[in-house]
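**Q** First the structure, then my questions, so here it is.
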Amino acid sequence: MRERMVAIAAEGVASGSPLNIGSKLLQGWLTASGVSLELIGVIPQLAALPYAFKVLWAPLLDRWPVPWLDRRRGWILVLQLLLSGVLLVLALLAALARRDTGMLQLATLLAVLLAAASATQDIVIDAYRTDLLPESERGQGAAVHNLGYRTGMLLVSSGGFLLAGSLGWWAAFGGCALLMLAVVPFTLLAPRLKPLQHPPSSLRQAVVGPAREFLHRTGSRNAPWLLMLVLLYRWPDGLLAALSIAFLKQTGFSDAQIGLLDGGWAIAATMAGAVAGGVLFGQLGLNRSLWVFALVGASGNLGYAALAQFGGGLPALMAAVGLENLGNGMVGAGFVALLMSLCNPRFSATQYALLTSIYAFSRTLLALPSGWLAARLGWSAYFVVTAIAALPALVLMLHLVPWTGHQCRGAFDPAKDLKEPTGL
């Protein structure tokens, strides 16, 4: 078990690091290079597009594993080496200190390549974690992954800017390349996956198979409701995240206060929540954990409602941000465990990517009315509404994740589902 958790933590670092490199570090370097705000607003957003479309090439990773290590770690190794190479080229470009059109074009190309490799790495790391962990370790594994992921983000955010300030931006990108290379030995020594009995034998099977297998396993009645649960379980998070910074700035908190709390304090609270979530998951099991974590997460939104209604200054802000991120850490651990339980190892790369893509709509399309609601309801009432947004998921859970049950309805069961599904 210890070897599995160490591997998952290390891959979490590798997964979380590129996200902040492509957004925060890239933004800082472009700003320091004198690039216009209009372009700074476009380039990181353009670079983030591969994260939204990664499900389109996930079947290729299920169909054609790299013939090294095992069906997941081979791809992970290739992608980590590719990410390190892209970062070294960025470091070289930053060292040249050019400020012309050619530099911008190359920087944009490298940023898109970095995001594409990072999004692909996420697909395979999620699949490796899903395939590796037995059901009894998924809660702890989700918490450990979250800790590694947040650690990677923190190392890039703090360490990257410290290196940029003392040595220059070339050192920041070079340091990130070394961080990625430092994970490679963990990938090489990570536990090996058992060979699949029925791997996808054609591209058609890798593309169509995941959907057919999911429908065959969950049943046509449960499948739509399970997907709806994935969409709605973290909807309160999406509604809160959409306007939390705008609320804090309108309330009068300074950028320095917001940055300090949104950095170390929030990440520390998220890590504490992830640890607490892993411990509670081991005691409660999947179903009861999902119920408890959903309620704790919604209560974090009520902390912002209290801050809007009663004030309280910086101490109240620290309490609200701490409660929100503590709940996020627990909700995140439970949610990752839920997604892992819904994936078949034959198609885990594609199925997990599809589920996370569905979840992403709760933070995008379902959060679109947030500004309209806040403008008409006021901040305090709006945050109460974001907590009430947990109710649709709780209603679905009455049937799909009953309190007295052992696992989600339609979850993958190795004892009966490790065989080729009908019709494939």
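**Q** Within a Cβ distance under 9 Å of Leu193, other residues only, what is the Lys/Arg minus Asp/Glu net charge?
**A** Around Leu193, the charge tally is +3.
**Q** How many Å³ per residue does the convex hull of the Cα positions in region 206-411 occupy?
**A** Values: hull volume 25.2 nm³, N = 206.
Hull volume over Cα atoms, normalised by residue count, gives 122 Å³.
**Q** Could you order the peptides 272-283, 135-146, 216-227 from most to least packed, using the average number of other C-beta atoms within 10 Å per residue?
**A** Going by the mean number of other Cβ atoms within 10 Å, highest first, we get 135-146, 272-283, 216-227.
**Q** Assuming a ≥ b ≥ c are the square roots of the Cα gyration tensor eigenvalues, decide whether the chain counts as rounded (a/c under 1.5), prolate (otherwise, with a/b larger than b/c) or oblate.
**A** Oblate shape, in that a/c is at least 1.5 and b/c is the bigger or equal ratio.
**Q** Here's another thing I want to ask about it. Which values, in whole Å and largest first, are the semi-axes of the equivalent ellipsoid of region 2-191 obtained as the square root of 5 times each eigenvalue of the Cα gyration tensor? Write down the numbers at each step before the final one.
**A** Numbers: eigenvalues 179, 60, 39 Å².
Square roots of five times the eigenvalues give 30, 17, 14 Å.
**Q** Additional query: Select from the chain the helices, each a whole stretch of DSSP H, whose alpha-carbon atoms run 30 Å or more along the helix axis and whose Kyte-Doolittle mean is at least 1.0; answer none if there are none.
**A** On the way: long enough: 73-96 (35 Å, 2.24); 101-132 (46 Å, 0.97); 169-189 (32 Å, 1.89); 266-310 (37 Å, 1.15); 313-341 (42 Å, 1.30).
TM-like helix candidates: 73-96, 169-189, 266-310, 313-341.
**Q** Can you count the Lys pairs in the chain whose Cα atoms are under 30 Å apart, with each pair 8 or more apart or on different chains?
**A** Qualifying lysine pairs in the chain: 7.
**Q** Going by average Cβ neighbours within 10 Å, how do the peptides 119-129, 1-11 rank, with the highest at the top?
**A** 119-129, 1-11
**Q** Based on the Cβ-Cβ distance from Ser158 to Leu196, what FRET efficiency comes out when R0 is 35 Å, to the nearest 0.05?
**A** Values: r = 40 Å, r/R0 = 1.16.
Result of the calculation: an efficiency of 0.30.
**Q** What is the magnitude of the charge dipole of the chain about its Cα centre, with +1 placed on the Cβ of each Lys and Arg, -1 on the Cβ of each Asp and Glu, and no other charges, expressed in debye to the nearest 20? Please report the intermediate quantities before stating the final value.
**A** Values: 28 positive and 19 negative charges, 138 e Å.
It works out to roughly 660 debye.
Only the coordinates and a few stated rules stand behind these numbers; no lab work does. Since the model is a prediction, treat every value here as computed from it, not as a measurement. Cβ sites come from the backbone with ideal geometry, for glycine too, and all protein chains shown count toward neighbours.
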